[in-house]
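> Sending over a structure as structure tokens; questions will come in a sec.
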Amino acid sequence: MKHLITLTLAGLVLGHWHNASAESREIAVIAPGGIRVAMEQLIPGFEAKTGDKVKVKFGSGVATKKQVAGGDAFDLTILQPPYPEVIASGNVMADSARQLATISLAVAVKKGAAKPDVSTPAAVKRLLLGVSSVSSPDATATAAGANFAEAMKKLGITEQMQPKLKVAPSGAAAMEALAKGEGEIGITFLSEMDNPGVDAVGPLPRQILPPVALVGMVSSHAEPEAAKKLLDYLSSHEAAAVYKAKGMTPGR
């Protein structure tokens with residue numbers, strides 16, 4: 001009987017350990033910086049509810065697509081369209097695509113500075129031509145920078161703006177530079193303007209640049225159950241409230 005009790009207890013301990021290890025997983029995510037602030041607020045709640053751990057590799061919108069298409073290991077990715085190279089790679093389950101939110105390119109100023117008019121394309125054009133310098137993310141490496149380049153092209157001021165640009169490696173870095181006074185205004189996604197040293201002015205008018213979508217997709221090479229659970233959470237009403245608080249528009 002003593003041996004039976006010992007074996008039973010051992011079995012219970014091993015069984016408990018097995019179930020805990022089976023239930024607790026690490027979910028690898030590749031995501032652009034535009035959703036970083038929202039993700040960092042949402043992840044602890046997801047981990048507390050599920051017991052799973054989430055490890056996110058944040059990068060530029062352009063780099064994110066290259067990593068996913070190139071075969072970097074991940075369970076869930078968040079991408080900014082278009083992404084034909086990602087679909088062509090076969091590294092994502094295309095039918096799992098779900099739009100989480102949209103983000104807008106916006107103007108910021110140093111904390112306490114006067115906020116300029118950005119309500120119309122004409123007002124934005126006057127602003128950009130009138131300032132001495134603009135702190136903005138790299139157009140060759142970030143989605144925000146590429147979108148700003150597109151906006152300047154649409155306004156017909158690309159050449160005039162080149163001497164004014166103070167280029168940073170990311171939206172967060174552009175806001176950090178603006179906070180230090182390295183730029184009269186700053187441009188990046190509104191969701192990246194969380195630096196306490198800057199004030200967001202507002203998004204560029206849709207006539208210049210429509211909002212950019214953030215789309216979640218599950219890897220085609222990983223166990224999808226945990227990744228789908230996280231994608232559901234990032235599509236929830238709880239997540240929508242966080243997106244809205246961070247200057248994003250939830251859902252479609």
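The values are calculated or read from the model by the stated rules, or taken from the named source; none is laboratory data. On a predicted model such as this, the values are computed, not experimentally measured, just so you know. So basically every Cβ, Gly included, is an ideal-geometry build from the backbone, and we count neighbours across all protein chains shown.
A quick yes/no check of all residues on (1) out of contact with any Phe, Trp or Tyr (no Cβ under 7 Å at 6 or more places or on another chain); (2) part of a loop (DSSP other than H, G, I, E, B):
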residue: V107; (1), (2): yes, no
residue: P116; (1), (2): yes, yes
residue: A139; (1), (2): no, yes
residue: A144; (1), (2): no, no
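> Now for a different question. Does M161 satisfy the criteria of being surrounded by 16 or more Cβ atoms within 10 Å (Cβ to Cβ), under 21 Å from the mean Cα position of the chain (by Cα) and not assigned by TED's automatic domain parsing to the domain that holds A38?
No.
> Let me ask another. Condition first: of a type in the set (S, T, N, Q) and in a strand (DSSP E or B). Now tell me which residues in the range 65-105 satisfy that.
T77, Q99, T102
> Right, something else. Only one of A106, A69, A88, A73 is out of contact with any Pro (no Cβ under 7 Å at 6 or more places or on another chain) and in contact (Cβ under 8 Å) with a residue 40 or more places away in the chain. Can you tell me which?
None of the other options fit; the residue is A73.
> Which of the numbered conditions does A226 fail, given that it passes all the others? Conditions: (1) assigned to a loop (DSSP other than H, G, I, E, B); (2) farther than 25 Å from T120 by Cα; (3) of a type in the set (G, A, S).
(1)
> Mind counting the residues in the range 230-247 that are assigned to a helix (DSSP H, G or I) and buried (at least 17 other Cβ atoms within 10 Å of the Cβ)?
8
> So which residues in the range 199-238 are touching a helix residue (DSSP H, G or I) at 6+ places or on another chain (Cβ under 6 Å) and within 23 Å of K65 (Cα to Cα)?
Residues satisfying the conditions are L209, L214, G216, M217, V218, Y233.
> Residues of the range 126-143 being surrounded by fewer than 19 Cβ atoms within 10 Å (Cβ to Cβ) and either outside the structural domain of F189 (by TED's automatic domain parsing) or touching a Gly at 6+ places or on another chain (Cβ under 8 Å) (or both), which ones?
Result: S133, A139.
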